[in-house]
Ligand code: PHE
């Protein structure tokens, strides 16, 4: 039964105390039952509302109806009661506010989650991984090295003596402010992944078979087939009795794995200071099938109508290179090896039929999404 204000007939102290106690208990119970803002308003109006609130009723029924001699005591009691009721109403307010903020902080597990679109491998990364996997299946391991390299590793230990003209072909980007250092310690952005050949041979004894993917830089203005930053995969195999036949067989196999078994390879003599003999390897253009023409008559651009595309430089490791790591088991009289360096971006371009290298580096999601 909801509390209603009783008429008082007995104004003795115990009777007053009992009536006040009953009223406060009823108010406390109702305060605790408040669940939402509407109930809070109803509770407040019922107890302290100016028109029909319980407090005004108590004023009316208990004070005005009090016999003369009891008025003072009843007044004191009723004032105490009012203070307590006010406190209960106030408390109900605070409790509601706290409940609201707790609710705001609560995690609603029924809400849909935040959608984060899944990214895709960048075509250059994808190509790198595919090619690295081809060599891993042949027993090669993966090595890496620094992009900011010293003159020693990028040039000197690869048999480019200081002032050798072969250095000019690499369009090197040098780090500024290095002039006070001896030349071999000066820093530059590596122009190829070949320095990691030496770095690896310094720490691993033969036999070794490694591939080295990485970023390289050259001072080339960006265009459809050049970029000042590009990617290479270096390869190095050193053992006893490694021959040029091993080099050809390995690279021919790798290209067939990567492009498909129809692809043909061709080796043409070339020059690199760190390999002797050296070669450039070409693959038959699989866009025009080696004919140099597309759709029967249109000139094939990727192979410049030659039917062949150059994909890498390679050769037998020059004995002069082994001299730099002789103490770690690389006696040029006992070991031999081959090395190669391929341009990954070029391979990705060919494999995916992309006609401008710059797409790879512009970060345009519309382009990259196609590889997802
Ligand atoms: N480092 C050479 C280049 O960037 C490629 C190469 C690697 C050639 C290994 C021979 C052996 O052009």
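Every number in this text was worked out from the coordinates using simple rules, so none of it is lab data. Please read all numbers here as calculations on a predicted model, not as lab measurements. With ideal geometry, Cβ positions are generated from the backbone for all residues, glycine too; neighbour counts draw on all protein chains shown.
Points to keep in mind about this one:
- Taking 35, 190, 115 in turn, the Gaussian network model of the chain (Cα-Cα springs below 10 Å) assigns the largest fluctuation to 35.
- Average Cα contact separation per residue, the range 313-367, under 8 Å, 6 or more apart, as relative contact order %: 31 percent
- Only Cα pairs under 8 Å and 6+ residues apart enter the sum, and on that basis the relative contact order of the chain stands at 14 percent.
- Pairwise label distance in nanometres, residue 86 with residue 18, each label 7 Å out on the Cα-Cβ vector: 2.9 nm
- Projected label distance in nm at residue 137 and residue 111, using a 7 Å step from Cα toward the beta-carbon: 4.8 nm
- Relative contact order (%) - criterion: Cα under 8 Å, at least six apart; region: the range 7-59: 15 percent
- Between the range 334-359 and the range 96-153, the Cα center-to-center distance that results, in Å: 25 Å
- Sequence of 46, 205 once ranked by neighbouring C-beta atoms within 10 Å, starting from the fewest: 205, 46
- Pairwise FRET efficiency - residue 7 versus residue 97, Cβ, R0 = 41 Å, nearest 0.05: 0.65
- When the alpha carbon gyration tensor of the range 213-361 is reduced to an equivalent ellipsoid, its three semi-axes come out at 31, 19, 12 angstrom, largest first.
- Remark: spin-label model distance residue 148-residue 45 equals 7.4 nm, labels positioned 7 Å along the Cα→Cβ axis.
- Ranked list, fewest to most other Cβ atoms within 10 Å of each Cβ, for 217, 192: 217, 192
- GNM top mover of 181, 334, 51 - the chain, alpha-carbon springs below 10 Å: 51
- Gyration tensor (alpha-carbon) shape descriptor, the range 192-252, a/c threshold 1.5: oblate
- Shape call, the range 4-72: gyration tensor on alpha carbons, a/c limit 1.5: oblate
- Taking 0.36 nm per residue of sequence separation and removing the Cα-Cα distance, the residue 25/residue 38 pair yields an extension gain of 2.5 nm.
- Degrees separating the helix 37-48 axis from the principal Cα axis of the chain, which is the longest one: 20 degrees
- In this structure, residue 130 and residue 241 have a Cβ-Cβ separation that, at R0 = 30 Å, corresponds to a calculated FRET efficiency of about 0.50.
- Helix-only [θ]222 nm of the chain, DSSP H runs n ≥ 4, -39500 (n - 2.57) each, per residue, nearest 500: -11500 deg cm²/dmol
- The Cα atoms of the chain cover 127, 58, 38 Å along the three principal axes, with the biggest extent listed first.
- Pairwise FRET efficiency - residue 331 versus residue 174, Cβ, R0 = 56 Å, nearest 0.05: 0.95
- Bridge type composition, the chain - antiparallel percent by DSSP, nearest 5: 95 percent
- Here the residues 105, 130, 22, ranked from fewest to most Cβ neighbours within 10 Å of their Cβ, fall in the order 105, 22, 130.
- Cα-based Kirkwood hydrodynamic radius, the range 43-139, one decimal, Å: 20.3 Å
- Applying 0.36 nm per residue to the separation of residue 323 and residue 163 and subtracting their alpha-carbon distance, the gain on full extension is 55.6 nm.
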